[in-house]
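Read through the structure below, which is laid out as structure tokens, and then see the notes.
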Amino acid sequence: MSLPIQVSMGTDALVRLLSGTTALAPRLGRAGLSILMAVRLAALALGARSLWRDEMDDLACNSSASCRLACFDAAFPVSPFTLFLLQAAFVSAHGLACSLLWRPPDCQGKGWLRDKTQQLRLHSLSLLARILLEGIFLMTFHALYARYPQTLHCPASTLCPDTVVCTIQNAQWKDAFDLFVAGTSWASVAVCLTVLYLAVTEIVQLTLWPAKRHLGHLLLAECP
């Protein structure tokens with residue numbers, strides 16, 4: 001196998017991993033999803049080393065360390081950064097599964113997905129799974145954090161008899177970071193919906209006009 005072919009196969013595998021789509025997706029859609037995922041991972045890596053390096057140290061409170069921790073846990077059941085990390089992990093796992101499971105037939109017809117309709121259905125299911133993964137974490141994020149707070153007010157409790165007031169350093173930058181990462185996720189959803197629409201349209205066409213399916217088998221048989 002020549003070096004250009006190996007590079008092409010490696011590039012295709014990387015695109016499948018980042019985009020979480022099959023080879024049936026349009027090149028522009030696959031490229032867009034890959035870029036959005038790469039930008040998201042880079043932003044998370046940068047955020048882990050800067051804004052979100054130690055969230056507790058960013059709190060300036062009028063109370064003891066234990067009360068500060070209790071106030072932080074009450075305000076953030078799961079921090080936005082942790083939520084985005086989990087989202088990236090699940091989306092990456094989906095891309096890995098897509099990369100490993102997608103085995104289209106070669107020119108000799110070898111492969112477990114010989115029918116074009118079957119390929120499109122698997123392709124559509126993969127897109128639906130990606131949209132659901134993105135959407136679940138996005139809804140959770142917007143339900144918990146409409147805006148990243150600049151101050152925390154925790155009422156008096158048994159552990160902390162006085163009201164705890166904390167100021168969060170770099171709150172505006174963290175809010176901008178959250179919106180940026182959420183924006184890349186929303187953009188990915190929009191691209192996936194567009195690609196899914198194209199796939200469903202093609203499935204309907206193959207169902208209504210079966211001659212196109214037979215034409216696909218003929219083209220496969222004529223591969224060199």
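Quick look at the numbers
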{"quantity": "For the range 56-184, radius of gyration divided by Kirkwood radius, i.e. Rg to Rh on alpha-carbons", "calculated": "1.24"}
{"quantity": "Proximal charge balance of L127 [Cβ under 15 Å; K/R count +1, D/E count -1]", "calculated": "+2"}
{"quantity": "Histogram of C-alpha separations across the range 23-69, 10 Å bin width, %", "calculated": "23, 25, 21, 16, 10, 5"}
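Each reported figure results from applying straightforward, stated rules to the coordinates on display, with no laboratory input. None of the values given here were measured: they were computed from a predicted structure. Reconstructed Cβ throughout: ideal geometry from the backbone, glycine too, with neighbour counts over all protein chains shown.
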